[in-house]
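Remarks on the structure that follows.
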Amino acid sequence: MEEKTQGQLLKEQLCWNIPNIAKDNKDEVAKAQEFCEGYKDFLNKGKTERECVEYSVDLLVKAGYKPFDRNKKYKAGDKVYFINREKAVIATTFGQRPLTEGSRLNFAHIDAPRLDLKPNPLYEKSDISYLKTHYYGGIRKYQWTCIPLAIHGVVCKADGTKVKVCIGEEPGDPVFVITDLLPHLAAEQGKRTLNDGIKGEELNIITGCLPFDEKDIKEPVKLMTLKLLNEKYGIVEKDFVRAEIEIVPATKATDVGLDRGFVGAAGQDDRVCGYTALMAEIDTKTPVYTTITALVDKEEIGSVGNTGLNSDFILHYIEFLAQNAGVDYKDVCANALCMSSDVNAAFDPTFPSVHEPMNASYAGKGCVITKYTGSRGKSGSNDASAEVMQKVIAMMDEEKVYWQIGELGAIDVGGGGTVAAYVAHMNIDVVDVGVPILSMHSPFELAAKVDVYNAYRAYLAFFKH
Ligand code: MN
Ligand code: MN
């Protein structure tokens with residue numbers, strides 16, 4: 001072997017290179033493939049926040065977690081969970097050290113961009129019945145036409161009983177669709193800007209074309225749709241007002257690429273962090289510090305509502321833990337460390353100009369630490385401190401986690417936020433750690449499996465230290 005030159009040696013000592021995992025560590029690729037089988041199940045079983053909570057609680061209960069009882073005394077290694085209004089769930093493994101010395105918080109969101117039904121959605125036009133929608137979160141509306149859609153949600157009936165609705169997922173189920181123009185007649189529409197290619201009020205879902213067969217009855221196709229819904233769920237038109245019904249892609253999570261290196265599915269922002277955080281929580285047995293893993297709702301519309309992180313429900317849970325341990329929750333918060341686990345935009349070689357390549361995250365290079373999000377001059381971001389960065393990087397490096405850094409796009413191109421700012425508001429140290437995603441917020445997002453696996457490893461490392 002040739003001896004290294006001084007320059008080569010210096011370069012090794014001083015420069016920083018982010019490895020490509022697949023080139024660096026073949027073993028990791030196989031482990032990631034296996035890990036992502038469970039991840040795809042999670043995506044398929046949890047297409048709404050309520051479904052994610054239900055499936056997560058199944059997994060927690062199977063792993064021995066018990067409902068949190070604020071009056072019970074807990075010891076190191078005990079595992080509990082707490083559900084907030086069916087749309088958020090918190091899991092805890094009690095640590096060996098007192099809460100006031102530190103705790104490990106990991107917060108991810110399980111809501112995702114989608115179409116919601118309007119409160120009064122059903123109508124008939126030209127002998128076709130439709131449901132009107134109102135989009136939730138940031139979507140590119142034109143991406144939602146001409147793809148199979150499923151209907152998920154809950155309806156509360158007048159008497160207070162609640163029915164779960166799900167059509168379009170089982171083999172043999174019908175699906176739903178939003179139409180678009182044929183190219184032959186789209187000359188005028190083609191002059192619209194891409195953002196206006198399909199407008200909000202054009203996101204109408206076809207639900208049927210067969211009439212209720214009776215002479216002189218008005219809107220017979222709409223009536224037929226209502227009749228079928230009534231037969232299946234016992235609901236009437238007024239019940240739509242008492243419902244939360246989400247329209248999501250009917251496609252299943254699936255491998256993408258000949259090498260199966262990617263998972264493709266809707267809702268990976270941020271169920272990818274939800275699943276990896278949950279698995280790390282479950283696989284953590286006797287941590288030094290108490291863990292608080294929360295899967296929360298409403299991030300995509302600003303963490304609003306009492307199931308989102310800008311509500312006090314997490315703080316109240318921390319207060320209950322503190323009271324239970326006989327300490328002040330303010331000391332718990334001041335000494336806590338949190339991973340705000342959310343995705344970042346992966347560098348897309350087809351659209352390189354929106355990224356700054358030195359500070360973008362890349363598919364296949366591991367989980368991504370995002371020091372700050374926000375837009376313009378870091379507006380709306382939590383800017384993690386040097387001290388927090390040091391602590392988190394030390395944990396990652398000790399456990400040989402593959403990680404990279406990422407800004408959400410080049411300066412002034414756009415921007416975005418996560419739950420980190422709301423965590424910081426509680427006087428908790430926090431940094432964003434997640435997975436780079438291609439086609440984020442689309443009906444078919446991509447995540448590299450090695451990155452998914454390394455997010456899980458990052459959270460495991462975090463809970464271990
Ligand atoms: Mn997100
Ligand atoms: Mn998002």
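What aspartates and glutamates does residue 199 reach when the alpha-carbon gap must be under 17 Å and sequence neighbours fewer than 8 apart in one chain are set aside?
Straight-line reach from residue 199, under 17 Å: 116, 180, 188.
Would you work out the charge dipole size for region 93-183 about its Cα centre, treating the Cβ of every Lys and Arg as +1 and the Cβ of every Asp and Glu as -1, and quote it to the nearest 20 debye?
360
Looking at the chain, I'd like the Rg to Rh ratio, where Rg is from alpha-carbon atoms and Rh is Kirkwood's inverse mean 1/r.
Taking Rg over the Kirkwood Rh, I get 1.01.
Can you pick out the pairs among 72/162; 62/449; 62/252 whose Cα atoms lie more than 29 Å from each other?
72/162
Can you give the angle from 0 to 90° between the axis of helix 313-325 and the longest principal axis of the chain, with both taken from C-alpha atoms, to the nearest 10?
Approximately 50 degrees, to the nearest 10.
Want the number for residue 286 to residue 389: 0.36 nm per residue separation, take away the alpha-carbon distance, what's left?
In short, 34.6 nm is gained.
Going by amide H atoms built from the backbone, whose H comes under 5 Å of the H on residue 118, apart from near neighbours?
Amide H to amide H, under 5 Å and 5 or more residues apart or across chains, residue 118 pairs with 132, 133, 134.
So for each of 46-59, 223-236, 312-325 I average, over its residues, the number of other beta carbons within 10 Å; can you give me the resulting order with the highest mean first?
Numbers: 46-59: 22.1, 223-236: 15.9, 312-325: 18.0.
Ranked from most to least packed, the peptides come out as 46-59, 312-325, 223-236.
Using amide H atoms built in the peptide plane, which far-off residues or other-chain residues are under 5 Å from residue 288 H to H?
Distant-sequence amide H within range of residue 288: 96.
What do you reckon, how do 445, 387, 169 stack up by accessible area (1.4 Å probe), largest on top?
Values: 445 0, 387 120, 169 20 Å².
Ranked list, largest accessible area first: 387, 169, 445.
Can you tell me the FRET efficiency between residue 182 and residue 27 if r is taken as the Cβ-Cβ distance and R0 is 60 Å, rounded to the nearest 0.05?
Result of the calculation: an efficiency of 0.75.
Nearest 5 percent is fine: what portion of the DSSP beta bridges confined to the chain is antiparallel?
70
If contacts are Cα pairs under 8 angstrom and at least 6 residues apart, what is the relative contact order of region 292-422 in percent?
Over region 292-422, the number comes to 25 percent.
If you take every residue apart from residue 207 with its C-beta less than 10 Å away from the C-beta of residue 207, what net charge results, scoring Lys and Arg +1 and Asp and Glu -1?
Once positives and negatives cancel, what remains is 0.
As a check on your grasp of the helix formula, calculate [θ] at 222 nm for the chain: sum -39500 (n - 2.57) over DSSP H runs of n ≥ 4, divide by the residue count, round to the nearest 500.
Here the helix-only value at 222 nm equals -9000 deg cm²/dmol.
Would you work out the relative contact order for region 176-248, in percent, from Cα pairs under 8 angstrom that are 6 or more residues apart? Don't jump to the answer; show the numbers that get you there.
On the way: 39 pairs, mean separation 15.7, N = 73.
The value is 21 percent.
Among the aspartates and glutamates, which have Cα under 20 Å from the Cα of residue 75 when same-chain residues fewer than 8 positions away are ignored?
101, 281, 283, 319, 328, 331
Please report the equivalent ellipsoid semi-axes of region 169-287, computed as sqrt(5 x eigenvalue) of the Cα gyration tensor, largest first, in whole Å. Could you put the intermediate results ahead of the total?
Working: eigenvalues 270, 132, 44 Å².
Square roots of five times the eigenvalues give 37, 26, 15 Å.
Provide, for q = 0.20 Å⁻¹, the log10 of I(q)/I(0) from a solvent-free Debye sum over equal Cα point scatterers in region 67-154.
Debye curve over Cα of region 67-154, log10 I(q)/I(0) at q = 0.20 Å⁻¹: -1.06.
Over the chain, what is the mean sequence separation of C-alpha contacts under 8 Å (at least six apart), divided by residue count, expressed as relative contact order in percent?
22
Give the Cα extents of region 361-465 along the principal axes, in whole Å, largest first.
Ordered largest first, region 361-465 gives principal extents of 36, 35, 20 Å.
Determine ³J(HN,Hα), in whole Hz, for all residues of region 144-159 in sequence, where each value follows from phi through the Karplus function 6.51 cos²θ - 1.76 cosθ + 1.60 and θ = phi - 60°; x replaces Gly and Pro.
Karplus-based 3J(HN,Hα) across region 144-159 equals 9, 8, 6, 10, x, 10, 10, 10, 10, x, 10, 10, 9, 7, 3, 7 Hz.
Normalise the Cα radius of gyration of region 335-378 by 2.2 N^0.38 Å (N = residues in it) and let me know the number.
1.34
Relative to the present Cα-Cα distance, how much length would full extension add between residue 162 and residue 61 at 0.36 nm per residue of separation?
34.0 nm
Under a 1.4 Å probe, what is the accessible area of the chain per residue, stated in Å²?
Result: 47 Å² of accessible area for each residue.
Under a cut-off of 16 Å between alpha-carbon atoms, report the aspartates and glutamates in cross-link reach of residue 285, not counting same-chain residues fewer than 8 places apart.
Counting by Cα, and skipping residues close in sequence, residue 285 has these aspartates and glutamates nearby: 78.
May I ask you to evaluate 6.51 cos²θ - 1.76 cosθ + 1.60, the Karplus curve with θ = phi - 60°, for each residue of region 383-390 and list the ³J(HN,Hα) values in order in whole Hz, giving x for glycine and proline?
Taking θ as phi minus 60°, the curve returns 9, 4, 6, 4, 5, 5, 4, 4 Hz for region 383-390.
Tally up the carbon and sulfur contribution to the accessible surface of the chain as a whole percent, 1.4 Å probe, everything protein left in place.
The C+S portion of the solvent-accessible surface of the chain is 54 percent.
Need the full-extension length gain, residue 399 to residue 258, defined as separation in residues times 0.36 nm minus the C-alpha distance. One decimal, nm.
Working: separation 141, 0.36 × 141 = 50.76 nm, distance 3.05 nm.
Extra length from residue 399 to residue 258 when fully extended: 47.7 nm.
Modelling each spin label as a point 7 Å along the Cα-to-Cβ direction, I'd like the residue 464/residue 236 distance in nm, to one decimal.
Here the modelled spin labels are 6.0 nm apart.
Taking Cα centroids, how far is region 311-356 from region 224-302 in Å?
That distance is 20 Å.
Regarding region 7-64, what are the three Cα extents along the principal axes, ordered largest first, in Å?
Sorted largest first, the three principal extents are 57, 25, 21 Å.
What translational diffusion coefficient, to the nearest whole µm²/s, does region 173-222 have by Stokes-Einstein, given a Kirkwood radius computed over alpha-carbon pairs, a temperature of 25 °C and 0.890 mPa s viscosity?
Using the Kirkwood radius from Cα pairs, D works out to 179 µm²/s.
Return the distance in nm (one decimal) between the two label points of a simple spin-label model at residue 196 and residue 351, each offset 7 Å from Cα along Cα→Cβ.
2.0
Apply the Karplus parameterisation 6.51 cos²θ - 1.76 cosθ + 1.60, with θ equal to phi minus 60°, to every residue of region 109-124 and state each ³J(HN,Hα) to the nearest whole Hz, in sequence, with x for glycine and proline.
Coupling constants for region 109-124: 10, 10, 7, 8, x, 5, 10, 9, 6, 5, x, 10, x, 8, 8, 10 Hz.
On a 0 to 90° scale, report how tilted helix 449-464 is relative to the longest principal axis of the chain, with both axes built from alpha carbons and the result rounded to the nearest 10.
Approximately 50 degrees, to the nearest 10.
Using modelled backbone amide H atoms (1.01 Å from N, in-plane), which distant-in-sequence or interchain residues come within less than 5 Å of residue 338's amide H?
Under 5 Å from the amide H of residue 338: 105, 429, 430, 431.
The values are calculated or read from the model by the stated rules, or taken from the named source; none is laboratory data. Remember, it's a predicted structure, so these values are computed and weren't measured experimentally. Positions of Cβ are backbone-derived with ideal geometry, glycine not excepted, and every protein chain shown enters the neighbour counts. Accessible surface areas use protein heavy atoms only, side chains included; no ligands, DNA or RNA. Shrake-Rupley method; radii C 1.70, N 1.55, O 1.52, S 1.80 Å.
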